[in-house]
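Below is one structure, written out as structure tokens; comments come after it.
The values are calculated or read from the model by the stated rules, or taken from the named source; none is laboratory data. Treat the numbers as computed from the prediction; the structure is a model and nothing was measured. As a convention, Cβ positions derive from the backbone with ideal geometry for all residues, glycine included, and neighbour counts pool all protein chains shown. Ligands, DNA and RNA are stripped out before the accessible areas are found, and what is left, the full protein with its side chains, is counted by its heavy atoms. Shrake-Rupley method; radii C 1.70, N 1.55, O 1.52, S 1.80 Å.
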Amino acid sequence: MLDINGPMGSMADKAAKTKTSVSAIYRRLLGYAWQYKGRLILSLVFAWFQALSFGAMFVCAGVAVNTLFSKPDVFSQQVETAAGKLAEWAPPAVVQTFVDKAQILYQHPIQTILALVIALVALTLLGGIARYLQEYFAGSIGAHVAVRLADEMYENMMNQSLRFFEQHSSGELLARLANDVFAVNRGLSGVFVKLMREPFKAIVLIAGALWVNPTLTLSCLIVLPPVGYIIVSIGRSVKRNAQRSLQKLSAMQTLAKESLSGMPIIKGFCMEPYEVSRMRVELRKLDRFLVKMVRADAAVGPLSELLLMMGVGGFLLLGAVYVERGYIESGDLVYLLGAFGAIFGSIRSLTNVNNQIQTSMASAERVFEYIDMKPEIVDAPDAVAAPPLRDVLGFNDVRFSYDGQTEVLRGINLQVKKGEMVALVGFSGAGKSTLVKLIPRFYDVTGGSITLDGVDIRTVTQESLRGQISIVTQDSILFNESIRENIAHGKPDYTDERIRAAAKAAHAEEFIAPLPNGYETPIGESGSNLSGGQRQRLAIARAIVKDPAILILDEATSSLDSESEQAIQKAMDEFVVGRTTLVIAHRLSTIQRADRIVVLEDGLVAEEGTHRELIDKGGIYRRLYEIQFATAEQAAK
Ligand code: ADP
């Protein structure tokens, strides 16, 4: 079955994907985190340790307050009450020891303080170790998940069809890969560190408070849900702002990338002030959104402080009433105030986490959008490996449109025999580049078919199809690696002999051999250490090493230095022998050597024949020849 999901289909698909609900994103992120369950469990265990040591510190502090500041009769009464509670589950001997020890502590306040200080330091140390381990395990989950997301996103980006890269600027894709992934990392680390720790702390403290005085504690807990609601609403608005400012950021990066890569043009046309003003407009927009975000962020702190103060006020009022009616001792009230202060501290910390989550959700949403994107061109489910071309490469009424409306190719019929060299010529915009892009399925035809020995290329695997095609384009694209890696790109199993043979055939060996590190020489970013002719010859070596059945050439329009030109010409002459070649020709020598010239005009084959035949015919080709090739020939002389 053919997959003829056009651009419209994939766009609708994308729109549906963008609407993913926040809870679905949460669940999905948690699914990723769940792959590190071991760390998750360890982090939970250490969070408990930390919460318990924190609770124990409160008990110690409570004991200190009661011991030092209670009057003797109040103290005895408190010891009695505590002993009564203890007696409910502990054996009488333990209760007795507790009462005896309490009396000793009360009578020797300095020793008591010393013992408490030692206990507090020991608990802080234990709590600190637990905290370190908890943060380490929780934080590493955030890091691992973020890296996995980046990995999956990059893989899926790489598998997208060419149209995707024409529609998404590299600045935008870079922003996704860097900014969003790191935002998710920060968010997740914050979540796992604090979300696991703070609730436990709060639970231990609430349990302690309930033990001291259930009624007052429960009344205070009623205040929490409305506070929670307000906090969530603030978080939502932060998320919206974060999303917008990130979009602005990527618009700015796109613009900068565009300008920076076109510096020769900008300098040549004195466009610097214009570029600066364009950037200034984007930066001003970014500024507005950043300030908006700062405002939303800044509002979160004071708002929660206000809420906290209102909580303390309410607590004190209620506490005063309780003390007056004799429901609670004033010493316990002080202890409860401390405990609630710490509980509110935890809640505040969770508010920040919530904001962090909202910000990182905006990023996670975009990351998942890129992970889920389906490539436009996929292998048919029953695709088979294409055998090497034996007979004929056929274009059968081939139609193509980039936008689904205007047809760029309007019914091309062309049969190229094995070993034949066809030169494609035509005025700019006639559709030559588009036609050759359809052969390796960079795009799929929108009508008609392209066949290898009669087999539709949409029924074979892309790998087997592209495996027998080499493309050499005008701008030889090289990577920041060694010469060897550039020739063998992506195929580390090619032997040195094979690479050397290809370089020799491309007449590249003559400049590689004298280099101190030979094939291992790094070529610099985009081959900046090489001349134009050398870059072109490396690109040809890369095409040769594949030993392709079909060769697609897009000749350089600008002329190189004559030495390089000759070397390249010689390399190409030898390379095309016996291969089915389609060349977008700009040189007279190429068209004269071609077995057949096909003239494209407005998306159709206008004329076909040899150079001589077409000149005699006096049609488009003759005009084209007089304008393009004859002048190029004169310029060369
Ligand atoms: P040629 O190689 O003969 O100069 P092309 O195949 O590049 O012609 O272009 C044919 C037509 O398709 C032109 O009108 C051009 O504007 C349009 N075109 C080329 N590439 C794209 C693209 N990526 N998206 C939309 N339209 C395009």
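Overview of values
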quantity: Tally, over the range 584-605, of residues that are within 13 Å of the ligand (Cβ to nearest atom) and touching a Gly at 6+ places or on another chain (Cβ under 7 Å); calculated: 5
quantity: The range 19-32, subset touching a Lys or Arg at 6+ places or on another chain (Cβ under 9 Å) and part of a helix (DSSP H, G or I), residue modelled with the highest pLDDT; calculated: 32
quantity: Pairs, first free of Cβ contacts under 8 Å to residues at least 12 places away in the same chain in the range 104-132, second in a helix (DSSP H, G or I), C-beta under 8 Å, six or more apart; calculated: 111/105; 115/105
quantity: Subset tally (residues that are surrounded by fewer than 15 Cβ atoms within 10 Å (Cβ to Cβ) and more than 16 Å from the ligand (Cβ to nearest atom)) for the range 149-188; calculated: 7
quantity: Residue within the range 383-396 that is crowded, with 18+ Cβ neighbours inside 10 Å and within 16 Å of the ligand (Cβ to nearest atom) present; calculated: yes
quantity: Unique residue being among the β-branched types (Val, Ile, Thr) and at pLDDT below 80 when the list is 79, 94, 74, 45; calculated: 74
quantity: Yes/no for residue 504 being in a helix (DSSP H, G or I) and within 30 Å of residue 628 (Cα to Cα); calculated: no
quantity: Some residue of the range 453-467 being surrounded by fewer than 20 Cβ atoms within 10 Å (Cβ to Cβ), at negative phi, part of a strand (DSSP E or B) and touching a Ser or Thr at 6+ places or on another chain (Cβ under 7 Å); calculated: yes
quantity: Some residue of the range 579-588 being farther than 17 Å from residue 533 by Cβ, basic (Lys, Arg) and under 43 Å from the mean Cα position of the chain (by Cα); calculated: yes
quantity: Any chance residue 422 is more than 9 Å from the ligand (Cβ to nearest atom) and either open to solvent by 10 Å² or more (accessible area, probe 1.4 Å) or touching a residue at least 40 places away in the same chain (Cβ under 8 Å) (or both); calculated: yes
quantity: Criterion (touching a helix residue (DSSP H, G or I) at 6+ places or on another chain (Cβ under 7 Å) and at pLDDT below 80) met by exactly one of 311, 301; calculated: 311
quantity: Verdict on residue 401 being within 16 Å of the ligand (Cβ to nearest atom) and either on the phi > 0 side of the Ramachandran plot or open to solvent by less than 70 Å² (accessible area, probe 1.4 Å) (or both); calculated: yes
quantity: Filter result for residue 535 (modelled with pLDDT of 80 or more and over 21 Å from residue 547 (Cα atoms)); calculated: no
quantity: Unmet requirement for residue 429, which otherwise passes all of (1) within 9 Å of the ligand (Cβ to nearest atom); (2) part of a loop (DSSP other than H, G, I, E, B); (3) closer than 14 Å to residue 551 by Cα; calculated: (3)
quantity: Within the range 272-302, considering residues that are basic (Lys, Arg) and without any contact (Cβ under 8 Å) to a residue 24 or more places away in the chain, the one least open to solvent (accessible area, probe 1.4 Å); calculated: 278
quantity: Tabulated pairs, the range 545-570, first closer than 17 Å to residue 507 by Cα and open to solvent by 40 Å² or more (accessible area, probe 1.4 Å), second modelled with pLDDT of 75 or more and aliphatic (A, V, I, L, M), C-beta under 9 angstrom, 6+ apart or interchain; calculated: 546/469; 546/502; 547/502; 560/568
quantity: Those helices (runs of 4 or more DSSP H) lying entirely in the range 565-637 with at least 2 residues basic (Lys, Arg), over 19 Å from residue 435 (Cα atoms) and at pLDDT 80 or above; calculated: 611-617, 620-624
quantity: Pair list, Cβ under 7 Å, 6 or more apart: the range 426-444 residue of a type in the set (Asp, Glu) and open to solvent by 20 Å² or more (accessible area, probe 1.4 Å), other residue more than 6 Å from the ligand (Cβ to nearest atom) and assigned to a helix (DSSP H, G or I); calculated: 444/458
quantity: Residue match in the range 438-452 (condition: more than 16 Å from the ligand (Cβ to nearest atom), among the basic types (Lys, Arg) and under 19 Å from residue 581 (Cα atoms)); calculated: no
quantity: Neighbours by Cβ (under 6 Å, 6+ apart or cross-chain): first from the range 406-417, more than 16 Å from the ligand (Cβ to nearest atom); second among the small types (Gly, Ala, Ser); calculated: 415/394
